[in-house]
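In what follows, a single structure is set out as structure tokens and then discussed.
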Amino acid sequence: MRIELPPEPVHFVNRHDERERALRAVEDWRGRSRPLVMSLSGPAGLGKSELAYVIARTVRDRYPDGVLTVDLDDFRLDGVLDPGDVLTQLLRSLNVETALVARQFKARCKQYWSMTADRKLVLIVDNVRYASELVPLLPASGASLVIVASHGPLYDLEDGAAVGMPLQPLTEQAAGELLDLIVRDDRLATDPAAVRALIGLCDGLPTALHVAGRWIRSRRLRPLPRLIDELRGEWGEKGVPGVERVWDTAYDALSDDAACLYRLLPHHPGATFTPDSATALLGLGAEACEEALEELDRAGVLDLRARDGRMRLPGPLHAHALRRSRRDAAAGEAQDARIRVLRWYVRQAQLADLIAAGPRLVVTDRVAPVPDAPDVPLPDAATAATKWLFAERHTLFACVRLAHALGMDAEAVALSEPLWTYALDHPGQPEAVDALKLARDAAVRDGGSAAWLVRTRCQLARQLWEMSEYAAAADELDAAASAARLLGAAVPERKLAASVVEFQGMLKSAQGNWAEAARDFEASRDAHRAIPNPYGVMLQTYRMGEALACLGATETAHRLLAEAHDAARELGRERMTRRTGFALAGVLAQLGRRVEAQRLYEESLASAQERESGFDEARVRDALADLASADGRPAEAEGHRRSAREIRRRNGLG
């Protein structure tokens with residue numbers, strides 16, 4: 001059972017009516033075809049998220065399959081939500097392996113419905129703007145509970161399926177109770193008039209009370225009436241209504257470093273940030289950034305209870321920080337920070353790509369270390385690097401947009417190469433395609449590097465044909481071939497030229513034209529032999545073998561795949577050794593050489609289990625089941641099929 005709930009809040013008061021209403025709704029719900037939906041609505045600062053967590057803790061014993069949480073603002077790009085990414089996170093929370101998440105949105109919806117059809121779980125969805133954003137995320141079980149937090153009512157939810165609970169500001173009594181818990185100071189008890197004045201200034205908003213309470217607590221020696229007068233004077237002078245007056249006062253009390261970081265955070269390329277990327281943004285070193293982040297947390301303008309190591313300025317605070325940046329930033333402060341963090345992200349992406357994909361030809365220079373911005377401490381393991389690329393994907397997409405907007409063409413092209421590694425595992429994603437298009441446009445705008453043009457157009461073509469846009473992919477490859485004629489005779493440029501021919505063959509493979517694909521792979525192999533490039537020869541030999549196997553030329557396919565498999569072993573390429581071994585086993589089985597096929601399949605199975613790859617294990621077990629059936633071992637075949645079914649069932653593919 002997965003419980004995605006933050007620690008209980010130190011101070012939480014009131015909301016008794018809402019909690020009682022929620023409990024009654026849960027008790028009265030009889031499990032229809034849709035889950036019970038509770039909609040908590042109201043302006044920022046009212047404590048909607050905390051109330052959602054409190055309700056979930058109260059009723060969690062009734063939902064034995066766990067509590068999942070998702071914040072939609074973490075998945076917005078330029079205000080637009082990608083529901084497919086949200087479903088991916090929810091499926092991963094339901095223990096679906098990343099490799100087994102359905103690629104197409106409709107298939108992903110069905111997978112999510114399959115995983116939630118028989119479950120009793122609580123789903124908390126924060127920062128919903130429209131009911132249409134929520135609908136694809138609803139579990140397929142009427143026995144589940146969905147708690148929604150939104151700034152306004154979601155009028156267009158299905159009648160009878162939602163319990164609307166608009167939140168109001170705290171009453172004076174509840175606000176006083178909360179303030180007393182935060183401040184814990186005898187001054188409150190001795191001057192109730194000043195307390196009422198402070199509560200009035202805070203407009204009954206819990207967020208404002210928290211910030212004002214910390215402000216008072218940090219000034220223990222001053223009389224409360226004097227503090228209230230100072231606070232009222234500050235807020236009156238600023239002229240900003242409501243909670244922003246509190247944030248202005250908190251900001252003015254920050255140290256120079258913390259205030260600078262606060263002004264810079266809205267200029268971070270992605271909607272979320274990490275301590276590492278905040279360090280790059282500030283540019284004063286890790287220790288100074290850590291202190292600044294902690295100070296922002298103490299001031300009540302940042303919550304350090306990060307989810308998966310990521311933090312975010314909520315929308316109103318983001319807007320406030322941006323206004324303070326426009327008002328207070330020194331000349332060039334924001335622009336320098338954007339360029340610094342952009343180059344830092346390019347470097348981190350290049351380092352992660354080197355670990356995830358291994359040494360390979362790249363067309364841009366490695367970015368040097370960024371002063372006072374240490375590199376992310378990634379272990380030398382492909383899985384860790386791949387996870388970093390996945391976690392940072394939205395920010396990397398935003399970095400490509402920023403690089404293109406700033407005219408930093410080299411950075412845009414450099415980012416496309418690690419994003420290509422990410423896109424290979426997540427093909428057909430519109431965000432990735434848009435980023436690769438911008439990288440191509442940057443290469444075209446620069447106009448000085450044929451290598452950039454070849455690489456960016458080939459990368460984009462692969463994503464286009466993954467989306468069945470074959471004509472557009474062909475156009476990109478035609479343009480890449482034209483650019484390849486401008487390449488020189490150096491080894492890297494000859495490798496790039498050979499890769500264009502390979503991509504042309506891969507496009508034909510995707511269209512089922514195996515005969516022409518085989519000819520392209522052979523031509524690419526000849527080019528790699530002439531360089532010479534042993535890895536390229538091995539790869540094209542493997543591709544030729546697969547193409548000929550699909551054409552029914554089994555003996556020739558066997559010879560080629562055996563040659564590729566041996567070469568991959570000699571080169572120490574573990575990933576290609578697995579791929580070639582699995583393909584070779586399939587051809588051996590067709591030739592009736594089942595003992596040899598069995599050995600290779602068992603090696604593939606051991607590798608898949610060691611890597612904990614359910615996707616690979618399921619397909620290997622399918623192949624082993626077919627082999628066992630052909631050998632007259634029905635019990636063994638059924639065992640493999642049962643294991644494969646269980647893997648797919650666990651991942652909602654069923």
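For the range 78-96, what are the residues that are modelled with pLDDT under 90 and surrounded by fewer than 17 Cβ atoms within 10 Å (Cβ to Cβ)?
Asp78, Gly79, Val80, listed by residue number.
Considering each of Arg312, Arg305 in turn, give the residue that is at pLDDT 80 or above, of a type in the set (Lys, Arg) and closer than 28 Å to Gly47 by Cβ.
None of the others qualify; the one that does is Arg312.
Filter the range 436-459 down to residues that are among the aliphatic types (A, V, I, L, M) and touching a His at 6+ places or on another chain (Cβ under 9 Å), then give me how many there are.
The number of residues fulfilling the criteria is 3.
Enumerate the strands (runs of 3 or more DSSP E) found wholly within the range 117-192, keeping only those where 2 or more residues are surrounded by 15 or more Cβ atoms within 10 Å (Cβ to Cβ) and of a type outside the set (A, V, I, L, M).
122-128
Restricting attention to the range 246-272, which residues are touching a residue at least 60 places away in the same chain (Cβ under 8 Å) and not in a helix (DSSP H, G or I)?
Of everything in the range 246-272, those that are touching a residue at least 60 places away in the same chain (Cβ under 8 Å) and not in a helix (DSSP H, G or I) turn out to be His268, Pro269, Gly270, Ala271, Thr272.
Of all residues in the range 496-530, which are in a loop (DSSP other than H, G, I, E, B) and closer than 18 Å to Ala557 by Cβ?
Gly512, Asn513
Among the residues of the range 624-653, count how many are closer than 15 Å to Gln609 by Cβ and in contact with a helix residue (DSSP H, G or I) (Cβ under 6 Å, 6 or more places away or on another chain).
Looking only at that region, the number is 5.
Mind checking whether some residue in the range 61-68 is over 31 Å from the mean Cα position of the chain (by Cα), free of Cβ contacts under 8 Å to residues at least 12 places away in the same chain and outside the structural domain of Gly300 (by TED's automatic domain parsing)?
For the range 61-68, residues over 31 Å from the mean Cα position of the chain (by Cα), free of Cβ contacts under 8 Å to residues at least 12 places away in the same chain and outside the structural domain of Gly300 (by TED's automatic domain parsing): absent.
Give me the pairs, please: first residue somewhere in the range 587-607 and without any contact (Cβ under 8 Å) to a residue 12 or more places away in the chain, second residue anywhere and surrounded by 19 or more Cβ atoms within 10 Å (Cβ to Cβ) and in a helix (DSSP H, G or I), beta-carbon distance under 6 Å, and either six or more positions apart or on two chains.
Glu596/Leu588
Which one of these is surrounded by fewer than 17 Cβ atoms within 10 Å (Cβ to Cβ) and at pLDDT 90 or above: Pro64, Pro35?
Pro64
Cβ-Cβ below 7 Å, separation at least six or inter-chain, first residue in the range 82-101 and part of a helix (DSSP H, G or I), second among the small types (Gly, Ala, Ser): which pairs?
Pairs that qualify, where the first residue is part of a helix (DSSP H, G or I) and the partner is among the small types (Gly, Ala, Ser), are Leu91/Gly652; Ala99/Ser613; Leu100/Gly614.
So Glu8 fits all but one of (1) touching a residue at least 60 places away in the same chain (Cβ under 8 Å); (2) part of a loop (DSSP other than H, G, I, E, B); (3) not β-branched (Val, Ile, Thr); what number is the exception?
(1)
Residue by residue, here is whether (1) out of contact with any Leu (no Cβ under 7 Å at 6 or more places or on another chain); (2) assigned by TED's automatic domain parsing to the domain that holds Met408; (3) at pLDDT 95 or above; (4) surrounded by 17 or more Cβ atoms within 10 Å (Cβ to Cβ) holds:
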| position | (1), (2), (3), (4) |
| --- | --- |
| Arg440 | no, yes, yes, yes |
| Trp452 | yes, yes, yes, yes |
| Glu466 | yes, yes, no, yes |
| Ala498 | yes, no, yes, yes |
| Gln540 | yes, no, yes, yes |
| Met544 | no, no, yes, yes |
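Kindly evaluate Cys260 against the criterion of being crowded, with 18+ Cβ neighbours inside 10 Å and at pLDDT below 75.
Working: crowded, with 18+ Cβ neighbours inside 10 Å: yes; at pLDDT below 75: no.
Taking the combined requirement at face value, the residue does not satisfy it.
If you check Arg599 against the conditions, is it part of a helix (DSSP H, G or I) and within 22 Å of Thr383 (Cβ to Cβ)?
No; evaluated as a whole, the condition is false for this residue.
The values are calculated or read from the model by the stated rules, or taken from the named source; none is laboratory data. Since the structure is predicted, the reported quantities are computational estimates derived from the model, not experimental observations. Glycine gets a Cβ as well: all are built from the backbone with ideal geometry, and neighbour counts include every protein chain shown.
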